[in-house]
Amino acid sequence: MYIESSDIVEHSADEVYVLVRDEMDKIVPFLPNVDTIELVEREETERGPKILRNWRAKIEIPSLVKKFVSPDIAKWADHAWWNDADYSVDYELKGAWLPGLYTCKGTNSFRPGGEGKTEVKVTVNLEIHGDQIPGIPRFLSSRAVPAIEGLIQRLMKPNLTSLATGLKHYFAAQEKEAG
């Protein structure tokens with residue numbers, strides 16, 4: 001599945017890019033179903049930092065698949081390669097439960113969109129490999145596998161496409177606090 005999202009944030013690209021790159025945890029309360037984002041590792045490179053973060057989403061696992069799915073389905077590692085020269089990041093997401101269950105790679109860009117504005121663009125390819133799910137009886141697989149694939153889509157898509165909205169809410173809260 002190819003996912004693309006683009007939106008304008010009413011703050012400079014310098015401000016938006018640095019916030020997302022260096023202080024992603026500040027945006028968590030403004031992302032719809034993200035529970036936590038934890039910085040694991042950061043390595044500075046000439047191009048920009050390589051950052052590893054662990055994410056955990058808030059999601060209800062449907063009863064049909066609860067006994068076949070670990071709660072770790074809501075956790076993933078975000079391997080990000082930042083490019084400071086063009087305000088972009090290439091990333092790959094790897095699930096904590098069954099690492100081969102999906103392939104998710106994308107690019108986010110934070111382009112100046114006029115004075116004091118940033119175009120936040122997210123492009124990502126998400127492939128779900130339902131045949132990687134162990135322990136599902138054959139008679140249930142025709143219902144359980146699509147349910148698990150749907151769960152992964154509901155888990156990942158909002159987190160991939162809601163970045164700009166989360167940023168808008170974050171900045172609005174900052175402005176309200178400032179008074």
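Since every read-out is calculated from the coordinates, none of them should be taken as a lab result. Just so it is clear, the structure is predicted and the values come from calculations on it, not from any experiment. Note: ideal-geometry Cβ built from the backbone for every residue, glycine included; neighbour counts use all protein chains shown.
Once a ≥ b ≥ c are taken as the square roots of the eigenvalues of the Cα gyration tensor of segment 1-62, is the result rounded (a/c under 1.5), prolate (a/b larger than b/c) or oblate (a/b not larger than b/c)?
Note, shape of segment 1-62 comes out oblate.
Straight-line reach from LYS67: which aspartates and glutamates have Cα under 17 Å away, leaving out those fewer than 8 places along the same chain?
ASP131, GLU149
How much net charge surrounds GLY48 when only the other residues with a Cβ under 12 Å from the Cβ of GLY48 are counted, with Lys and Arg +1 and Asp and Glu -1?
The answer is -3.
Give me the net charge of GLY116's neighbourhood, meaning all other residues with Cβ under 12 Å from the Cβ of GLY116; Lys, Arg count +1, Asp, Glu -1.
Result for the local shell: -3.
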